[in-house]
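Here is the structure we will look at.
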Amino acid sequence: GAPVSYDRIYYIGENDFYIPRGEDGTYMRFEDAGEGYSDMLAVMNGLIPSHVVFNGKVGALTGPDALTAEQGETVLFVHSQANRDTRPHLIGGHGDLVWETGKFNNPPERDLETWFIRGGSAGAAL
């Protein structure tokens, strides 16, 4: 197909954190990663993250760090999730071209509001 172009690109990384809690319900602290290894492994084996954030921290994509674009601009979004499946959704818009598996050599899906990103992979939408 014809080459695509875009005015800006945004990367969205979903991150899962598995932080163990003590008997009193507060998050545990350790001197180093080795000291907390068995407690962290137990939480990870439960497959229920204690925190899910975007781009590594709470609020990373809000306020002054919000993803903005001017009307008429073409934006490429690259979205990844290391562990779980996710479904990006554009409220009030759609991805004209969507590569759910992130393979730009494959033909894209067209005109999707929501798409599927498999855990451990990345996708892109324009």
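Near residue 68, once Lys and Arg are set to +1 and Asp and Glu to -1 for all other residues with Cβ below 12 Å from its Cβ, the sum equals -3. Take the Cβ atoms of residue 28 and residue 57, set R0 to 22 Å, and the FRET efficiency comes out at 0.65. Taking all C-alpha pairs of region 15-78, those more than 20 Å from each other amount to 47 percent.
The equivalent ellipsoid of region 50-126 has semi-axes of 20, 18, 10 Å, largest first, where each one is the square root of 5 times an eigenvalue of the Cα gyration tensor. Subtracting the Cα-Cα distance of residue 83 and residue 50 from 0.36 nm times their residue separation leaves 10.5 nm of extension gain. Normalising the Debye intensity of region 1-45 to I(0), with uniform scatterers on Cα atoms only, and taking log10 at q = 0.34 Å⁻¹ returns -1.24.
Bear in mind these aren't lab numbers, they're just calculated from the coordinates by the rules spelled out. Nothing here was measured: the structure is a model prediction, and the numbers come from that model. As a convention, Cβ positions derive from the backbone with ideal geometry for all residues, glycine included, and neighbour counts pool all protein chains shown.
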